[in-house]
Amino acid sequence: MTIKLGCIADDFTGATDLANNLVRAGMRTVQAIGVPDGALETPADAVVVALKTRTLPAADAVAQSLAALEWLRAQGAEQIYFKYCSTFDSTTQGNIGPVADALMTALGTDFTIATPAFPDNKRTVFKGYLFAGDVPLNESGMQHHPLTPMTDANLVRVLSAQTRRKVGLIDYAVVARGAEAIRGRIDALRREGVEIAIVDAISNDDLLALGPALKGMPLVTAGSGVAIGLPGNWGLARGAAAGLPREPGTQAVVAGSCSIATQGQVAAFIAAGGPALALDPLRIAAGDDVVAQALAWAAPRLPDGPVLIYSTARPDAVQATQASLGAARAGALVEDAIARIAAGLARLGVRQLIVAGGETSGAVVQALGLTQLAIGEQIDPGVPWCAGQAQAVGARISIALKSGNFGGVDFFTRAFGQDA
């Protein structure tokens, strides 16, 4: 099987976000959890390899990304897409810059673009600055992210700190003139020695103009927004996602994200009378069996409707926990606990599961033993229902992997209320 577009995503929610956009834009898409051992069983125009590399040490992130690249090239991928978050969140050391560098070197290319723009989710780039809604990224709440705080909205500066390559800008004045003008600007930047160009985009029309300008470019690096403009390069027409009936069974939400959006979704679920249980990282660290306690709490409630188990907290609470346990340890403890809870919920019969948070989603997917996901209908921009065989419980499960920053305030209840 030869695939047209081979994608490498740096977290699991981002992978489903990208796969969702590709399916809606007309590409048959399969999401693989980690690098597959062999060829895919299902024919596809695009494959998204979901990794969990956003917060790994840079060398580990590079090694895993190169392994994904090797597999994708073996499947005949004509173009490679490195997908990161629409908030471009990373540390000064990476991992966006180091991974992009390594992929460029492996592909033998001296130029690529970078843009996290995703207007459908209010992520726009103007004059190289990333906006979340109406405010610069560093005023959006992302400055408080527990693992990858973003304190600068200038993407040229942010990326320049992570790479030895020269970073430039294709600004809105160029993008507004369409694909031919973008190609001309790319040629000019290459003559100036620029190897990575941040691209402005404030609407889907901008992304659709960018798509044709990227035809034949060996490597594209972006959030999921650019995906809407690429399928046309292979003559594929935009179409609705194929129907994917939800699995029958009980419903649950597990949330590890502390983003402002997820905080609002947790609060809305509780305000609507939904049963919810908060996890205390300090109790986990003290050795309390919070997993068994959470499952014992959930079991009698599941037949009556969805339950929520969460570690979501406000920035001051997160900072206090990190001060006590250390940021890395606190995050690892919570991820492990939520992953084991999710697997336990599946053993209790949960077959419709929402997971909030990129790192949390990676841990949960691995605990469930999901290796491939079919992509179904969109719940909110960037978040589809998916389905796959959960090897840990020997059953098929419907799952929505939600980036912490995505979704409306009523996302949890509305997702379960969609026609199954």
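Please compute one quarter of the surface area of the Cα convex hull for region 16-80 and express it in square nanometres. Let's see the in-between values first.
Working: hull surface 18.3 nm².
Convex hull of Cα atoms, orientation-averaged projection: 4.6 nm².
When the convex hull of the C-alpha atoms of region 5-234 is computed, what volume per residue in Å³ does it have? Intermediate values should be presented prior to the final figure.
Numbers: hull volume 24.1 nm³, N = 230.
Hull volume over Cα atoms, normalised by residue count, gives 105 Å³.
With a 1.4 Å probe and all protein chains left in place, how much accessible area per residue does the chain have, in Å²? Kindly include the intermediate steps, with their values, before the conclusion.
Details: 15500 Å² over 420 residues.
Here the per-residue accessible area is 37 Å².
Total lysine pairs in the chain at Cα distances under 24 Å, for residues eight or more apart or on different chains: 14. Region 236-292 and region 30-49 have Cα centres lying 26 Å from one another.
Looking at region 5-234, the DSSP beta bridges with both ends there are about 25 percent antiparallel. Within region 250-415, the ratio Rg/Rh, alpha carbon atoms throughout and Rh by Kirkwood, equals 0.94. Taking only protein heavy atoms and a 1.4 Å probe, the accessible area of the chain is 51% carbon and sulfur.
May I ask you to give the average projected area over all directions of the convex hull of the Cα atoms of the chain, in nm² rounded to one decimal?
Working: hull surface 73.6 nm².
Mean projected area of the Cα convex hull: 18.4 nm².
Determine the percent antiparallel among the DSSP beta bridges restricted to the chain, to the nearest 5. Display every interim value, and only then the final one.
Values: 21 of 67 bridges.
Taking every DSSP beta bridge within the chain, about 30 percent pair in antiparallel fashion.
In this Cβ point-charge picture (+1 for Lys and Arg, -1 for Asp and Glu), region 5-234 has a dipole of about 340 debye about its Cα centre. Taking one quarter of the surface of the C-alpha convex hull of region 12-133 gives a mean projected area of 8.1 nm². If you find the alpha carbon centre of region 322-383 and of region 126-192, how far apart are they in angstrom? Using only Cα atoms, the two centres lie 30 Å from each other.
When a/c is below 1.5 the answer is rounded, else prolate if a/b is larger than b/c, else oblate, so apply that to region 1-41 with a ≥ b ≥ c taken from the square roots of the Cα gyration tensor eigenvalues. The shape class here is oblate. Compactness of region 100-221 is given as radius of gyration and Dmax, 14.3, 41 Å, from Cα positions.
The values are calculated or read from the model by the stated rules, or taken from the named source; none is laboratory data. Since the structure is predicted, the reported quantities are computational estimates derived from the model, not experimental observations. Using ideal geometry, Cβ is built from the backbone for each residue, glycine included, and neighbour counts are taken over all protein chains shown. The protein model used for the area step is the full one, side chains on, heavy atoms only, and it has no ligands, DNA or RNA in it. Shrake-Rupley method; radii C 1.70, N 1.55, O 1.52, S 1.80 Å.
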